[in-house]
Amino acid sequence: MLIPELPCDETLRQQSLDSHELLDTPADPYLDTLVRVVREVFAVKTVLVSLIDHDRQWFKARLGLDTAETPRSISFCGHAILATQPLIIEDTFSDPRFLDNPLVTQTPHIRFYAGQPLYSEDGQALGTLCMIDSVPRQMSDQQLRLFIDMAVLVEGYLKLRRVSEQTVKLRAALSREQRKSMLDPLTQLWNRAGLNHFLPKQLLQAEEQGLQLGVLFCDLDHFKPVNDTHGHAAGDQALWETARRISAAVRPQDVVTRSGGEEFVVLLQVHDQQELLRIANRILKTVNQKPITTDAAPLNLTISIGAAMGRAQEQPEQSLKRADEALYRAKGNGRNRVEMAD
């Protein structure tokens, strides 16, 4: 196995990556969509937006792979960022650089790899858009051009994201180590610690902007039989896809968290109850609109939602509690519905 070399300007490259504030951040619905399109267009098993950190590659977006990161020393993308052209490996069994790589001999059993470097404004390779399959493949010239074009879209979005208001706020609010401790590794959403961190901040920002805090407490219906019948791997895939669908149904400024198990909490700044209910019903529809695909079987899942509007002088934890109580009412009233807190 050939360990990837470090770029000659590795220090500058790492500084550029760090300045983008991409590492250890929640999944992005737009990048998730781009990754999904690439997988469908090229009919491959796995597509990743991989960022090359000091000693690891971390996946900002991933589809078809359960792990969130791998060591840089065994990464294919660590090799890809050294070149200015796509790295295409049609069959790893025929390439001595990767023949005995653990990612080839073990899960995910890579046989085909295509990686296009993603560059920052100053020309530093941050990572790659890459495609992986467990069978050998060849790419035509037309497919190669299309793949490069898709990488340009990913690269352009990352550049826009860097200067966005959301990134500026994130940079000011949390250090990288804090983000790592607040990120759920399975769903790539903020975890319970993240929820506790953002809850009072969302209330304060809402008050500053003349808005109200809205809380949506969401819970998948009848989820235990999924694990019992299809296994925990299928359950994990269902949670991952549910997280993607909830994130896609809300607005960029809303905070989506996984509070535990199959429970998700969304924090919003809204004008009134009607706005909160519109978003809640959009989540309901997005989760229920089509079966969730897993390796075991397609799953028809529904979700119940409890909604609460923050009250004057009310602590945000109390708003969360009332949303949780409304969720239990939704469960008791037949599930697959939204209930508003009193």
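The values are calculated or read from the model by the stated rules, or taken from the named source; none is laboratory data. Remember, predicted model here, so these are calculated numbers, not experimental data. Virtual Cβ from ideal backbone geometry, glycine too; neighbours counted across all protein chains shown.
Which ones in the stretch 58-74 are within 28 Å of Ala296 (Cα to Cα) and either crowded, with 18+ Cβ neighbours inside 10 Å or out of contact with any Leu (no Cβ under 7 Å at 6 or more places or on another chain) (or both)?
The answer is Trp58, Phe59, Lys60, Ala61, Arg62, Leu63, Gly64, Asp66, Thr67, Ala68, Glu69, Thr70.
Could you tell me whether Gln274 is under 26 Å from Gln253 (Cβ atoms) and assigned to a loop (DSSP other than H, G, I, E, B)?
Considered against the rule, which asks whether it is under 26 Å from Gln253 (Cβ atoms) and assigned to a loop (DSSP other than H, G, I, E, B), Gln274 comes out as no.
Among the strands (runs of 3 or more DSSP E) lying completely within the stretch 1-115, list those that include at least 1 residues that are over 25 Å from Arg244 (Cα atoms), touching a strand residue (DSSP E or B) at 6+ places or on another chain (Cβ under 9 Å) and of a type outside the set (Lys, Arg).
69-71, 87-89
Out of the stretch 34-58, which residues are free of Cβ contacts under 8 Å to residues at least 24 places away in the same chain and of a type in the set (Asp, Glu)?
Glu40, Asp55
Among the numbered conditions (1) farther than 30 Å from Leu195 by Cα; (2) within 12 Å of the chain's Cα centre (by Cα), tell me where Ser73 comes up short.
So Ser73 meets the others, but not (2).
Is it the case that some residue within the stretch 2-12 is among the aliphatic types (A, V, I, L, M) and within 20 Å of the chain's Cα centre (by Cα)?
No, every residue in the stretch 2-12 fails to be among the aliphatic types (A, V, I, L, M) and within 20 Å of the chain's Cα centre (by Cα).
Check whether at least one residue in the stretch 303-312 is of a type outside the set (Asp, Glu), surrounded by fewer than 21 Cβ atoms within 10 Å (Cβ to Cβ) and either in the same structural domain as Asp32 (by TED's automatic domain parsing) or over 27 Å from Val35 (Cβ atoms) (or both), and report yes or no.
The answer is yes, given that some residue of the stretch 303-312 is of a type outside the set (Asp, Glu), surrounded by fewer than 21 Cβ atoms within 10 Å (Cβ to Cβ) and either in the same structural domain as Asp32 (by TED's automatic domain parsing) or over 27 Å from Val35 (Cβ atoms) (or both).
Does the stretch 290-309 include one or more residues that are in a helix (DSSP H, G or I) and either over 15 Å from Leu189 (Cβ atoms) or small (Gly, Ala, Ser) (or both)?
Within the stretch 290-309, not a single residue is in a helix (DSSP H, G or I) and either over 15 Å from Leu189 (Cβ atoms) or small (Gly, Ala, Ser) (or both).
Enumerate the helices (runs of 4 or more DSSP H) found wholly within the stretch 172-248, keeping only those where 2 or more residues are buried (at least 21 other Cβ atoms within 10 Å of the Cβ).
Answer list for the stretch 172-248: 192-208.
Out of Val37, Val44, Val49, report the one residue that is surrounded by fewer than 20 Cβ atoms within 10 Å (Cβ to Cβ) and within 30 Å of Gln138 (Cβ to Cβ).
Val37
Taking the condition out of contact with any Cys (no Cβ under 8 Å at 6 or more places or on another chain), in contact (Cβ under 8 Å) with a residue 12 or more places away in the chain, assigned by TED's automatic domain parsing to the domain that holds Ala61 and acidic (Asp, Glu), does Asp149 pass?
No, not satisfied.
Would you mind stating whether Asp95 is farther than 28 Å from Ala296 by Cβ, touching a Lys or Arg at 6+ places or on another chain (Cβ under 7 Å) and free of Cβ contacts under 8 Å to residues at least 60 places away in the same chain?
No; evaluated as a whole, the condition is false for this residue.
Checking Val265 against (1) touching a residue at least 24 places away in the same chain (Cβ under 8 Å); (2) more than 23 Å from Ser181 (Cβ to Cβ); (3) outside any helix (DSSP H, G or I); (4) out of contact with any Gly (no Cβ under 7 Å at 6 or more places or on another chain), only one condition comes out false. Which one?
Status for Val265: all satisfied but (2).
Please enumerate the residues belonging to the stretch 9-34 that are buried (at least 17 other Cβ atoms within 10 Å of the Cβ) and among the small types (Gly, Ala, Ser).
Those that are buried (at least 17 other Cβ atoms within 10 Å of the Cβ) and among the small types (Gly, Ala, Ser): Ser16, Ala27.
Within the stretch 90-108, track down each residue that is surrounded by 13 or more Cβ atoms within 10 Å (Cβ to Cβ) and either closer than 12 Å to Leu2 by Cβ or touching a helix residue (DSSP H, G or I) at 6+ places or on another chain (Cβ under 7 Å) (or both).
Correct list: Thr92, Asp95, Arg97, Phe98, Leu99, Asn101, Pro102, Leu103, Val104.
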